[in-house]
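All remarks here apply to the structure that follows.
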Amino acid sequence: MNLKKLFFASALLFAACGTIQAQEVIAHRGFWTTDGSAQNSLAALVKADSIHCYGSEFDVWLTTDNQLVVNHDATFKGVTMQDATAKVCTAVQLDNGEQLPTLQQYLDKAKSLKTRLILELKAHKTPEQETRAVEGIVKMIKNKGLEDRTEYITFSQHATKEFIRLAPKGTPVYYLTGDLTPKELKAWGCAGPDYHFSVFQKHPEWIKECHDLGMKVNAWTVNEAKDMEWLISQGVDFITTNEPVVLEEILKKK
């Protein structure tokens, strides 16, 4: 092979390699499936950072006194988050012994870490609650200097549109429910879909369509190796999982 042909072949190989898309790992509710951790705890955030996850996902509620707390379940250990004060919510003890954190406590811990913050606002009873929550979240993220490390996700159409309206331009906002097409999400101004992986199994063409529209794709909550492998083969951008170590090991072999 002469030098010209060798150069051409190398260029083709480089171009092909450049199209390979590496997936990023997001720890669902932090890395809680490990000793000393619990869902949405400060320890789970720190542990997600310690294994170099791209992001740590966590859930936020607005309390009756307009404070923001971090927890997944609407009702947890007898306390309904949006019907209680912050004092009542944060008196709840997590399974690792921590107290249920406020958003402020969570962000203060995050400031010393590197992992991105994948903040899910839970769907509330009224649009007014969600607007107050979005306003408070966006303001607090700005005050903590974490705007460039935060992405927003939600099942609520209203909250999705409010994050797009109120967060700095270019902030990634993803919609979770799985009932909108890529074109509809693009029209809203979303960064892309963040759908349960079964939605993409039903509509695998949406992955390429999103990429063609300049959007990214996240799939949740993916805990089985076979499902991780399938999503990787389809070229999704992010995979959210309760088993980040398993996913990282699979990706290392690619």
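Taken together, the values in this text are just the output of simple stated rules run on the coordinates, not laboratory data. The shown structure was predicted, so the numbers you read here are calculated from the model rather than taken from an experiment. Every residue, glycine as well, gets a Cβ built from its backbone with ideal geometry; the counts of neighbours run over all protein chains shown.
Quick notes on this structure:
- Under 11 Å, Cβ to Cβ, from I118 - net charge with Lys/Arg +1 and Asp/Glu -1: -3
- If R0 is taken as 41 Å, the Cβ-Cβ distance between T64 and K254 corresponds to a FRET efficiency of 0.30.
- Scattering profile of segment 79-123 at q = 0.23, 0.29 Å⁻¹ [log10 I(q)/I(0), Debye over alpha-carbon scatterers]: -0.98, -1.14
- Using the average count of surrounding beta-carbon atoms within 10 Å as a protection proxy, the listed peptides 230-243, 25-38, 211-224 rank, highest first, as 25-38, 230-243, 211-224.
- In sequence order, segment 160-174 has phi-based couplings of 4, 5, 5, 4, 4, 6, 9, 6, x, 4, x, 5, x, 10, 10 Hz under the Karplus curve 6.51 cos²θ - 1.76 cosθ + 1.60, θ = phi - 60°, and Gly or Pro positions carry x.
- Estimated dipole of the chain in Debye, rounded to 20 [Cβ of Lys and Arg +1, of Asp and Glu -1, Cα centre]: 820
- With θ taken as phi - 60° and the Karplus curve 6.51 cos²θ - 1.76 cosθ + 1.60 applied, the whole-hertz 3J(HN,Hα) list for segment 133-139 is 5, 4, 4, x, 5, 4, 5 Hz, x standing for glycine and proline.
- Zero-based 5 Å bins, Cα pair distances in the chain, whole percents: 1, 6, 13, 16, 18, 16, 12, 7, 4, 2, 1, 1, 1, 0, 0, 0
- Annotation: amide H-H contacts under 5 Å for T85 (H modelled 1.01 Å from N, sequence separation of 5 or more, or interchain): T64.
- Amide hydrogen proximity for H196: with H placed 1.01 Å from N in the peptide plane, the residues at 5 or more positions away or on another chain lying under 5 Å are W220.
- The trypsin sites (Lys or Arg not before Pro) of segment 119-208 meeting both criteria, a DSSP state outside H, G, I, E and B (loop) and at most 13 other C-beta atoms within 10 angstrom of the site's C-beta, are K125, K169.
- Calculated mean residue ellipticity, 222 nm, the chain: -12000 deg cm²/dmol, from DSSP H runs (n ≥ 4) at -39500 (n - 2.57) each, averaged per residue and rounded to 500.
- Taken one residue at a time, the phi angles of segment 71-78 give Karplus couplings (6.51, -1.76, 1.60, θ = phi - 60°) of 5, 8, 5, 4, 10, 10, 6, x Hz. Gly and Pro are set to x.
- Segment 28-138: proportion of alpha-carbon pairs further apart than 25 angstrom, %: 16
- Share antiparallel - DSSP beta bridges, the chain, percent rounded to 5: 20
- Placed amide H near T150: partners under 5 Å, 5+ positions off or other chain: L117
- Cα centroid separation - segment 137-185 against segment 103-134, whole Å: 10
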